[in-house]
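What follows is a single structure, written as structure tokens, with notes after it.
The values are calculated or read from the model by the stated rules, or taken from the named source; none is laboratory data. As the structure is a prediction and not an experimental result, all values here were calculated from the model. Here the Cβ positions follow ideal geometry from the backbone for every residue, glycine too, while neighbour counts run over all protein chains shown. All accessible areas refer to the heavy atoms of the entire protein, side chains included, with ligands and DNA or RNA removed. Shrake-Rupley method; radii C 1.70, N 1.55, O 1.52, S 1.80 Å.
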Amino acid sequence: MANETEISRRRTFAIISHPDAGKTTLTEKLLLFGGQIQVAGAVKNNKIKKSATSDWMEIEKQRGISVTTSVMEFDYQDYKINILDTPGHQDFAEDTFRTLTAVDSVIIVVDSAKGVEAQTRKLMEVCRMRNTPVIIYANKMDREGKDPFDLLDELEEELQIAVRPLSWPIDQGPRFKGVYNLYENKLNLFQPDKQVMTEKVEVDVSSEELDAQIGTTAAVQLREDLELIEGVYPEFEQETYLSAQVAPVFFGSALNNFGVQELLDCFVQIAPSPQPIEAIEREVIPQEDKFTGFIFKITANIDPNHRSCVAFCKICSGRFERNKPYLHVRNGKTIRFSSPTQFMAQRKTTVEEAFAGDIIGLPDNGIFKIGDTLTSGEDLHFKGLPSFSPLMFKYIENSDPMKQKQLAKGIDQLMDEGVAQLFVNQFNGRKVVGTVGQLQFEVIQYRLEHEYNASCRWEPLSLFKACWIESDDEAELESFKKRKYQYMAKDRAGRDVFLADSNYVLQMAQQDFKGIRFHFTSEF
Ligand code: G4P
């Protein structure tokens, strides 16, 4: 097996959080430590402002930047770090779910004052489904927050995963003095300076030196806390973290650069290198000689002067080389890529080669769909790009009879990109677009107009959930479809989807048709 050294030094992960917990700040600080940026503030521009719920043009402006910052890669110590960015705005949650299929581990940022919030819970569900190892960074310790033990209990309960602190805060808010690094047994003292790295002091917790450094009251408290931690939490074992049974927790303050380097240093050591991935035909091992990869994200550049898209390909095995012929499995064609790109903090560069674990950007003029597989010739299909039941639904109608074709093409291509989900109602033939939030409808309408010269209008549709249905009992399935014929639809893959208009209706259906399984994600 070639490429072994290159692959084992790769760490491909995503940082996820509820908006405002500090994801952008932490990402930026990791880039700072990785030597990728010199000043804080460089990544910030990429952020979609949460307040601008419908300022679509503003988002557009920022998307230009997000193409290059969708993936950030840098070398740190002997490791190659690939951070996959996820959109902060919750209306683009589906994009985040897909990104999670391309990572080997995840760092979850929580605001230590707010604890676990809705979006974090949802994202953790996705991690759990895929057994992705997670590390938790409890941010904003410089603010008055929850008691750390209470926070750990909350994390355990709300995220349904055992936790193990690997660093411990010494007080918090204005009295925050630093953290005790349980992984290295070192004391890191807090210096509230945004640009200066903190100093590590080696202190034996039982020595008087500790009292001298942080004061007797804090020292007594720390000793008590550490004793309690040792008593309550089992010893940290890398294995249990890698098998997604335990989430290590670090405390810190990303804004103040505090606890970030500790996190990074520990992360590169314990986080998984590229892992085997299940394809329909077989398991693909990263170290295999032959290249394989899949497209997990397509980003359109809507600048009318450069109407190209970038398809993001996760390399699952082997080595990718520029200009080498690869098989696009879905359409059976062989393609050479003359300008594959990789992404540094703020720039795109053409790459000659890339290895399993890396993400490359491929220019896309409409040849790719989310989930497409590329190989060195093998007929292989990666599975598991889940679609979740949308939360909002609307009928999409043509509002210009002369442009029916443009609209159909536009809808088709936008759905290929994964902008939203499309269902066709089997009763009336109408197209239903499902999204996570209102913003996506605006995005679709705007893009149909500007990229496809088509115009659409939305008609309200009140639905509770889209459920993918299946049963071993063909007759029962048929009788259900007959009974619910007005609410039956097909997704783009032609699967049966029941559009339940209320929770009550869904519960009744589940009760009346016990032989039918109702799924809220397309992957089951
Ligand atoms: P997000 O990407 O998860 O949405 O969060 P982001 O990093 O943008 O952080 C949200 C807000 O929290 C920002 O303030 C940021 O400065 C602040 N923040 C991040 N880390 C810390 C921390 O460790 N301590 C404290 N006290 N604050 C932190 P903002 O006012 O929304 O933005 P800005 O004006 O500072 O840019």
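Numbers below:
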item: Net charge of Cβ neighbours under 12 Å - reference residue 7; Lys, Arg +1; Asp, Glu -1; result: -1
item: The range 219-310: C-alpha gyration tensor shape, a/c 1.5 cut-off, then a/b vs b/c; result: oblate
item: Backbone HN-Hα couplings from phi across the range 417-423 [Karplus 6.51/-1.76/1.60, Hz, Gly and Pro as x]; result: 6, x, 5, 7, 10, 10, 10
item: Lysine pair number, Cα distance threshold 13 Å (strictly under), the range 386-523, separation 8 or more or different chains; result: 4
item: Options 494, 229, 371, ranked by Cα towards positive dipole end of the chain, top entry (Cβ charges); result: 494
item: By average C-beta atoms within 10 angstrom, highest first, the peptides 472-482, 410-420, 206-216; result: 410-420, 206-216, 472-482
item: Residues of the range 386-523: accessible area per residue with a 1.4 Å probe, Å²; result: 48
item: Global geometry of the range 106-174, whether rounded, prolate or oblate, following the gyration tensor of its Cα atoms and the 1.5 cut on a/c; result: prolate
item: Simple spin-label estimate for residue 202 and residue 323 in nanometres, 7 Å along Cα-Cβ; result: 5.2
item: Nitroxide proxy distance, nm - points 7 Å out along Cα→Cβ at residue 153 and residue 224; result: 1.6
item: Placed amide H near residue 10: partners under 5 Å, 5+ positions off or other chain; result: 80
item: Accessible area in the full protein assembly, largest first, 1.4 Å probe, for 227, 156; result: 227, 156
item: Solvent-accessible heavy-atom area per residue, rounded to whole Å², over the range 277-375 at 1.4 Å; result: 42
item: Which of 396, 406, 382, positive extreme of dipole for the range 369-408 (C-beta unit charges); result: 396
item: Positive-end extreme of charge dipole, the chain - chosen from 129, 469, 247 (charges on Cβ); result: 469
item: Solvent exposure, largest accessible area first (probe 1.4 Å, DNA, RNA and ligands not counted), of 98, 483; result: 483, 98
item: Karplus (6.51, -1.76, 1.60) ³J(HN,Hα), θ = phi - 60°, over the range 238-252, in Hz, Gly and Pro reported as x; result: 4, 4, 6, 5, 5, 8, 6, 9, 10, 10, x, 10, 10, 9, x
item: Antiparallel bridges, percent of DSSP beta bridges restricted to the chain (to nearest 5); result: 75
item: Hz values of 3J(HN,Hα) by residue in the range 211-219 - Karplus curve (6.51, -1.76, 1.60), Gly and Pro given as x; result: 4, 5, 6, 10, x, 5, 4, 5, 5
item: Rg/Rg_globular for the range 386-523, with Rg_globular taken as 2.2 N^0.38 Å and Rg from C-alpha atoms; result: 1.09
item: The range 337-376: trypsin sites (Lys or Arg not before Pro) in DSSP coil with no more than 11 other Cβ atoms inside 10 Å; result: 347
item: Protein accessible area in the chain, 1.4 Å probe - carbon and sulfur %; result: 47
item: Principal axis dimensions, largest first and in whole angstrom, of the range 277-375 by Cα; result: 42, 28, 21
item: Helix-only [θ]222 nm of the chain, DSSP H runs n ≥ 4, -39500 (n - 2.57) each, per residue, nearest 500; result: -8500 deg cm²/dmol
item: Neighbourhood charge, 15 Å Cβ-Cβ cut-off, centred on residue 243 and excluding it, Lys, Arg +1 and Asp, Glu -1; result: 0
item: Whole-number Å³ per residue for the convex hull built on Cα positions in the chain; result: 160
item: Residue-level accessible surface for residue 488, protein heavy atoms, 1.4 Å, Å²; result: 10
item: Using a Förster distance of 56 Å, the FRET efficiency for residue 20-residue 336 (Cβ separation, nearest 0.05); result: 0.80
item: Nearest-0.05 FRET efficiency for residue 268 and residue 399, computed from C-beta distance (R0 56 Å); result: 0.60
item: Accessible surface, per residue, of the range 108-161 when the full set of protein chains is kept, probe 1.4 Å, Å²; result: 39
item: Relative packing of peptides 426-434, 237-245 - highest average C-beta neighbours within 10 Å first; result: 426-434, 237-245
item: Translational diffusion coefficient (Stokes-Einstein; Kirkwood radius from C-alpha pairs) of the range 138-294 at 25 °C, 0.890 mPa s, in µm²/s; result: 142
item: Residues with amide H under 5 Å from that of residue 330, placed H, sequence gap 5 or more; result: 373
